[in-house]
Protein chains: 4
Amino acid sequence: MKAVINIGLKEGVLDPAGKAVHHALTSLHFSNVNSVRIAKQIIIDLDENDEQKAKSDLIKMCEELLANTVIENYEIEIVK
Amino acid sequence: MKAVINIGLKEGVLDPAGKAVHHALTSLHFSNVNSVRIAKQIIIDLDENDEQKAKSDLIKMCEELLANTVIENYEIEIVK
Amino acid sequence: MKAVINIGLKEGVLDPAGKAVHHALTSLHFSNVNSVRIAKQIIIDLDENDEQKAKSDLIKMCEELLANTVIENYEIEIVK
Amino acid sequence: MKAVINIGLKEGVLDPAGKAVHHALTSLHFSNVNSVRIAKQIIIDLDENDEQKAKSDLIKMCEELLANTVIENYEIEIVK
């Protein structure tokens, strides 16, 4: 089973890396960019057939290790 | 128009950050994890109605700035 | 003139990446690790002879773009 | 004992994040920037009195986990 976890900064938290990319795109004459946010994607190959168990494990992984829940949100998607 | 670009290491390129997360999950007793890969996700809000123009711009952004195409692949998705 | 800027999370801000590396090192039997913090290092080659001007520019770069000063500290070092 | 490990891309390896920051600084009118490289800094607090043992452990950590030695260099410094 493959899971994809997207971890991004919460609304309102400044994102200097996204800002840098935005400015860089502007200086390369991509003038149609309104905003850029950068997130982290963690792709996990999981040896687990029970989807409920997988989801509950993935939530624990995010809460205990992967995300800084003070400033970051996470989204979990089971791909197959 | 919102675009999501996923940029990950090509197959075969070592991913120390993914490896670190894998080991960390193991040491936290998540024994069902086979592998972990870490990718970057860039979310771009684009002021562009022409989807073809948007795609062609996004490809140029990846090639010229966002991805290191020697070691990374990118995938572009227009969300809305 | 070369400048090195170190940007790290402030004391008290959680560092999931550092935590992941710590757990990973433990699971690889490096049992003598007390803690791990991960920071970003930005190395800038600057065409500037006036060291005072360089420092004031570098501070502006950090404040305006490079650091998220709500959660990150920065340190600037002029190398040569 | 505190150790600081700097991990950066080898000469010649493209650095899209550094390039993005460079462009961003230019678009913010910092015209005196010649180049920008981004590195990772890992700060490890180590419970180890023997400096030789510490160094040999830190080299193993870099080789086995922290660095992708195909594209990255690392430097180890014992701070105290």
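Read-outs throughout are calculated quantities, based only on the coordinates presented, and are distinct from any laboratory measurement. Everything numeric here is computed off the predicted structure, so don't read it as measured data. Cβ sites come from the backbone with ideal geometry, for glycine too, and all protein chains shown count toward neighbours.
Only one of (1) in contact with an Asp or Glu (Cβ under 6 Å, 6 or more places away or on another chain); (2) farther than 28 Å from residue D:17 by Cα fails for residue A:7. Which number is that?
It fails just one condition, (2).
Pick out the one residue from B:24, B:3 that is touching a residue at least 40 places away in the same chain (Cβ under 8 Å), surrounded by 15 or more Cβ atoms within 10 Å (Cβ to Cβ) and touching a helix residue (DSSP H, G or I) at 6+ places or on another chain (Cβ under 8 Å).
B:3
Restricted to the stretch D:58-80, and to residues that are closer than 11 Å to residue D:4 by Cα and among the aliphatic types (A, V, I, L, M), which residue is nearest to the other protein chains (Cβ to nearest Cβ)?
D:58
Go through (1) surrounded by fewer than 20 Cβ atoms within 10 Å (Cβ to Cβ); (2) facing another protein chain (nearest Cβ under 9 Å); (3) farther than 21 Å from residue B:69 by Cβ for residue D:55 and report which single condition fails.
Only one criterion is unmet by residue D:55, namely (2).
Yes or no, residue by residue, for (1) in contact (Cβ under 8 Å) with a residue 24 or more places away in the chain; (2) of a type outside the set (Val, Ile, Thr):
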site	(1), (2)
B:16	no, yes
B:28	no, yes
B:36	no, no
B:40	yes, yes
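How many residues are out of contact with any strand residue (DSSP E or B) (no Cβ under 6 Å at 6 or more places or on another chain) and either part of a loop (DSSP other than H, G, I, E, B) or within 8 Å of chain A (Cβ to nearest Cβ) (or both) when one looks only at the stretch D:1-30?
The number of residues fulfilling the criteria is 13.
Would you confirm whether any residue within the stretch A:31-52 is within 14 Å of chain D (Cβ to nearest Cβ), assigned to a helix (DSSP H, G or I) and more than 22 Å from residue C:19 (Cβ to Cβ)?
No, the stretch A:31-52 contains no residue that is within 14 Å of chain D (Cβ to nearest Cβ), assigned to a helix (DSSP H, G or I) and more than 22 Å from residue C:19 (Cβ to Cβ).
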